[in-house]
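Engineer: Can you read through this structure? Questions will come right after.
Bear in mind that the values in this text are calculations on the coordinates, not laboratory data. Keep in mind it's a predicted model, so treat the numbers as computed, not measured. Positions of Cβ are backbone-derived with ideal geometry, glycine not excepted, and every protein chain shown enters the neighbour counts.
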Amino acid sequence: ALYGLGFGRLAVELWLLTGVPHPLNEHQLALCFMLAIVSLFAYINSRGASEAGLVGNVITSAKVIILLIFVGFGVYAIVGNPNWTDNFSDGLLPNGIGGVFIAMGMTFIAFEGYEIIAQSGEEVKDPARNIPRAIFYSIIAVVIIYVLIGFVVIGAVVPPSGLAVWDYLAQAKEVAIVRAAEQFMPMGGILILISGLASTMSALNA
């Protein structure tokens, strides 16, 4: 449900960018997209593990490529902004250490997928050797990508006057990274929406 609703919200955002009219409100349209994507992956997974794995690999590869392009444009924007360090020093820990723990409670879901590797142990060759490696390699790769994205989102974004970067991004909520991409990446909003769709699809598939 979580990933299905996430997909629906991002799909609605992409639909609105096209300007195509529809008879539903945004919430109803998001639910329609959610039902469609859940049904699609239920069918794909009913076909077998190899089909689901192939689809997952394609989606994940596309997502990672888009995110690395996003990081590249973000680094370029940071290099061109001599005051980028102000984004990190302005309002450090505005809600105290308690805010960090609240944020951890919101973001732990991004790190809870690794048990799926162990769950597929009966399908893995030499599981005693390969499952621990797969888990640690995945964690290392994901943490590096998350840190790079967090760095460029905070460092490259120019918030409206009088507003801190973290506050501007917080107001954007689910589409904060989209708002960031729109500032420093050509067609950034659309590409990040596509990446977000890929992210929710790969998580839903897993």
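Engineer: From the convex hull of the Cα coordinates of region 1-77, what is the mean projected area in square nanometres?
Structural biologist: So the mean shadow area of the Cα hull is 6.8 nm².
Engineer: Which distance in Å, rounded to a whole number, links the C-alpha centroids of region 32-61 and region 127-206?
Structural biologist: Value for the Cα centre distance between the two parts: 22 Å.
Engineer: Loop-only check: which trypsin sites (Lys or Arg not before Pro) in region 102-206 are DSSP coil with at most 16 other Cβ within 10 angstrom?
Structural biologist: Counting only loop positions with at most 16 other Cβ atoms within 10 Å, the trypsin sites (Lys or Arg not before Pro) in region 102-206 are Lys125.
Engineer: Separation between the Gln183 and Phe88 pseudo-spin-labels, each 7 Å from Cα along Cα→Cβ, expressed in nm?
Structural biologist: Rounded to a tenth, the inter-label distance reads 1.6 nm.
Engineer: Just the number, please: Stokes-Einstein D of the chain in µm²/s, Kirkwood Rh from C-alpha pairs, 10 °C, 1.306 mPa s.
Structural biologist: In µm²/s, the coefficient is 84.
Engineer: While we're looking at this one, here's another question. Between Tyr168 and Tyr43, take the C-beta separation as r, use R0 = 35 Å, and let me know the FRET efficiency to the nearest 0.05.
Structural biologist: Once the sixth-power term is evaluated, E becomes 0.30.
Engineer: What is the extension gain from Gln119 to Gln28, computed as 0.36 nm multiplied by their sequence separation minus the C-alpha to C-alpha distance, in nm to one decimal?
Structural biologist: That works out to 29.3 nm of additional length.
Engineer: While we're on this one: Using the beta-carbon distance between Val20 and Val142 and R0 = 30 Å, what value does 1/(1 + (r/R0)^6) give for FRET efficiency, to the nearest 0.05?
Structural biologist: After rounding, the FRET efficiency stands at 0.30.
Engineer: Hey, quick one: spin label on Ile194, modelled 7 Å out along Cα-Cβ, who in region 23-66 has an amide N within reach, i.e. under 14 Å?
Structural biologist: 59-66
Engineer: Still on this structure: Cα gyration tensor of region 54-97, axes a ≥ b ≥ c as square roots of the eigenvalues: rounded (a/c below 1.5), prolate (a/b > b/c) or oblate?
Structural biologist: It is oblate, given that a/c is not under 1.5 and a/b is not larger than b/c.
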